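One structure is given here, and the rest of the page talks about it.
Every number in this text was worked out from the coordinates using simple rules, so none of it is lab data. These numbers were taken from a predicted model, which means no experiment stands behind them.
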Amino acid sequence: TNVFGVRILKAFDRLVLRIPGVRAVYGSSRQLMEAFSPGGRRSFSEVVLVEYPRKGCYMLGFVTRDAPGSLVPGRSEAMAAVFLPTAPNPTSGWILLIPRADLVRLSLTVEEGLKLVVSGGMVMPESWDAKGLPSVPESALR
């Protein structure tokens, strides 16, 4: 909203991006912050549960994009790239290519999912029941 402030920030960006070494760190950090911002153009599309790191354990993940099954040798079904963040710092984590059929979709917003991760599970979304359990159909949790 402040034209003068926007110009100063753009000038600062141009200056920092000219410094070797700093450019890689600052540029990557800026892209990451844009992805996590609510209006980010590369934001997550949905919140899911992924059976990870072993059978019977579920981890909260964020679908980042669709992925062709042909990326994984011997696979042809629809897949998704899923970001599995670490708690309490969601800027690090793993990217897994997972068949869409293996994802358990949650009725959480991305913001609610991020709050859950950052709080280490202490801040429960309002959409969860009083017991703190997600309202996921039993059949989806095979």
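Taking every alpha-carbon pair under 8 Å whose residues sit at least 6 apart, the range 75-126 reaches a relative contact order of 35 percent.
Remark: the range 88-101, residue by residue, has Karplus-estimated 3J(HN,Hα) of x, 10, x, 7, 10, x, 10, 10, 10, 9, 10, x, 4, 5 Hz, where x stands for each Gly or Pro and the curve is 6.51 cos²θ - 1.76 cosθ + 1.60 at θ = phi - 60°. Under a 5 Å amide H cut-off, with hydrogens placed 1.01 Å from N, MET79 pairs with ALA67, GLY69, ARG100 among residues at least 5 apart or on other chains.
Quick note on the range 47-134: its Rg to Rh ratio, both from C-alpha atoms and Rh being the Kirkwood radius, is 0.99.
Proximity of backbone amide H atoms, modeled 1.01 Å from N, is registered between VAL104 and LEU49 at under 5 Å, excluding neighbours fewer than 5 places apart on the same chain.
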